[in-house]
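Here the structure is laid out as structure tokens; the discussion comes afterwards.
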Amino acid sequence: MEQTLAILKPDSYAAGNTGRILAHLEAEGFTIRGLRIVHLTQEQAGAFYAVHAERPFYGSLVDFMTSGPCVPVALERENGVKHLRQIMGATNPAEAAEGTIRKQFATNIENNAIHGSDSAENAQIELAFFFSSSDLIAAQ
Ligand code: ATP
Ligand code: MG
């Protein structure tokens, strides 16, 4: 079993898609170990996406991620990191495969519905950003 972090981004929350995306994740075999609703500050969003600080879209990305509440989700599944990235679809929904979360729920390359950790190592760092270990439900 492998843990990963998803964030249902502010566009998903605002559109009322939180429940549908969580249902999709569960149907794909993910177990939800932690769930929050947070309204990120500019500092928090900037720190979370610090790897993109030099990119031209960084300021806009931080504004988007602070535009309303978002829903961090601690997930677990066999091959969880890779599987989440697969079912999310491409960053740009115009390039996302049929049936992927971004194909169904994203608006454009920035307002793209969901974040997913890109490696097991980053998943642990990102999970710790939103959850303390006592917040996470252990496997039954
Ligand atoms: P995430 O890290 O959110 O899971 P990703 O790994 O598919 O997405 P990244 O390249 O890490 O894509 O970009 C992080 C986020 O920055 C994207 O999900 C999107 O919201 C935004 N973004 C990426 N590229 C662009 C762009 N060219 N213009 C505007 N926003 C962008
Ligand atoms: Mg990324």
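The values are calculated or read from the model by the stated rules, or taken from the named source; none is laboratory data. All of these numbers come straight from a predicted model, not from anything done at the bench. As a convention, Cβ positions derive from the backbone with ideal geometry for all residues, glycine included, and neighbour counts pool all protein chains shown.
Summary table below
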| item | result |
| --- | --- |
| Candidate set from the range 111-135 (those that are loosely packed, with under 15 Cβ neighbours inside 10 Å and in contact (Cβ under 8 Å) with a residue 60 or more places away in the chain); member that is nearest to ligand 1 (Cβ to nearest atom) | Phe129 |
| Long-range neighbours under 6 Å by Cβ, at least six apart or interchain, first residue over 19 Å from Ile125 (Cβ atoms) and of a type outside the set (Lys, Arg) within the range 39-61, second part of a loop (DSSP other than H, G, I, E, B) and away from ligand 2 (no atom under 12 Å from the Cβ) | His39/Pro69; Gln42/Thr66 |
| Residue within the range 64-73 that is touching a strand residue (DSSP E or B) at 6+ places or on another chain (Cβ under 6 Å), loosely packed, with under 12 Cβ neighbours inside 10 Å, touching a residue at least 24 places away in the same chain (Cβ under 8 Å) and not aromatic (Phe, Trp, Tyr) present | no |
| Of the criteria (1) farther than 19 Å from Glu28 by Cα; (2) away from ligand 2 (no atom under 16 Å from the Cβ), which one Glu121 fails | (2) |
| Residues being touching a residue at least 12 places away in the same chain (Cβ under 8 Å) and crowded, with 18+ Cβ neighbours inside 10 Å - total across the range 75-110 | 16 |
| Among (1) outside any loop (DSSP other than H, G, I, E, B); (2) surrounded by 20 or more Cβ atoms within 10 Å (Cβ to Cβ), the one test that Gln44 misses | (2) |
| Residues (closer than 18 Å to Leu61 by Cβ and either within 15 Å of ligand 2 (Cβ to nearest atom) or of a type in the set (A, V, I, L, M) (or both)) located in the range 126-140 | Glu126, Phe129 |
| Unmet criterion (only one of (1) exposed (fewer than 13 other Cβ atoms within 10 Å of the Cβ); (2) without any contact (Cβ under 8 Å) to a residue 40 or more places away in the chain; (3) aliphatic (A, V, I, L, M)) for Leu35 | (1) |
| Hits in the range 91-104 - residues which are under 13 Å from the mean Cα position of the chain (by Cα) and either part of a helix (DSSP H, G or I) or of a type outside the set (S, T, N, Q) (or both) | Ile101, Arg102 |
| Unmet criterion (only one of (1) within 17 Å of Ile137 (Cα to Cα); (2) more than 15 Å from the chain's Cα centre (by Cα)) for Ala74 | (2) |
| Criterion violated by Ala139 - all others in (1) modelled with pLDDT of 95 or more; (2) farther than 14 Å from Ile7 by Cα satisfied | (1) |
